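All remarks here apply to the structure that follows.
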Amino acid sequence: MRIDKFLKVSRILKRRTVSKELALNQRIEINGKVVKPSHEVLVGDIVGVTFGSRKMEVRVLSIQEVKRKQEASDMYEIVSQSFVEKEERNE
């Protein structure tokens, strides 16, 4: 599954266009590498998303095309959350 679609289906982000925009602005990483919106995500990957001043890393537990809201959080587990300094975001 594409990373932009995974972020939407898992409800980490509300809209696929938002996840696509973040990827185009180099704010999405998979296993430490900046990726494009079309990059495939696999079970076990560590996905890092930087939105605003917050960075969140999640481990992909499952990939499913459609998930109900109550089950969406079963697709990932949060590995870490942190706040990013302004200087780091500009690099």
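The values are calculated or read from the model by the stated rules, or taken from the named source; none is laboratory data. Only a predicted model underlies this, so the values are computations on that prediction, with no experimental measurement involved. No Cβ is skipped: glycine too gets one built from the backbone with ideal geometry, and neighbour counts run over all protein chains shown.
Looking only at segment 19-31, decide whether some residue is assigned to a loop (DSSP other than H, G, I, E, B), exposed (fewer than 11 other Cβ atoms within 10 Å of the Cβ), at pLDDT 90 or above and among the polar types (S, T, N, Q).
Kept after step one, since they are assigned to a loop (DSSP other than H, G, I, E, B), are these residues of segment 19-31: 25-27, 31.
Now drop any that are not exposed (fewer than 11 other Cβ atoms within 10 Å of the Cβ), which leaves 25.
Next, from what is left, pick out any that are at pLDDT 90 or above: 25.
Pick out the ones that are also among the polar types (S, T, N, Q) and you get 25.
Checking segment 19-31: at least one residue is assigned to a loop (DSSP other than H, G, I, E, B), exposed (fewer than 11 other Cβ atoms within 10 Å of the Cβ), at pLDDT 90 or above and among the polar types (S, T, N, Q).
Restricting the search to segment 45-56, which residues are under 11 Å from the mean Cα position of the chain (by Cα) and assigned to a loop (DSSP other than H, G, I, E, B)? Even if it seems obvious, please write down each step before you answer.
Within segment 45-56, the first condition is being under 11 Å from the mean Cα position of the chain (by Cα), and the residues that meet it are 45-51, 55-56.
Listed by number, the list holds a single entry, D45.
Output the residues belonging to segment 34-69 that are within 12 Å of L22 (Cα to Cα) and at pLDDT below 90.
Passing the criteria: F51, G52.
Only one residue in V9, V18, V43, V49 is aliphatic (A, V, I, L, M) and in contact with a Ser or Thr (Cβ under 7 Å, 6 or more places away or on another chain), so which one is that?
Numbers: V9 fails: in contact with a Ser or Thr (Cβ under 7 Å, 6 or more places away or on another chain); V18 fails: in contact with a Ser or Thr (Cβ under 7 Å, 6 or more places away or on another chain); V49 fails: in contact with a Ser or Thr (Cβ under 7 Å, 6 or more places away or on another chain).
Of the residues listed, the single one that is aliphatic (A, V, I, L, M) and in contact with a Ser or Thr (Cβ under 7 Å, 6 or more places away or on another chain) is V43.
Six or more apart or on different chains, Cβ under 8 Å: which pairs go from a residue in segment 68-91 that's within 22 Å of L42 (Cβ to Cβ) and surrounded by 11 or more Cβ atoms within 10 Å (Cβ to Cβ) to one that's modelled with pLDDT of 80 or more and small (G, A, S)? Could you list them?
Within 8 Å, the pairs are A72/S10; S73/S10; D74/S62; M75/S10; M75/S62; Y76/S10.
Give just the number: which of (1) under 13 Å from the mean Cα position of the chain (by Cα); (2) not in a loop (DSSP other than H, G, I, E, B) does L42 not satisfy?
(2)
What number goes with the only condition from (1) touching a residue at least 40 places away in the same chain (Cβ under 8 Å); (2) surrounded by fewer than 19 Cβ atoms within 10 Å (Cβ to Cβ); (3) β-branched (V, I, T) that V34 does not pass?
Condition (1) is where V34 drops out.
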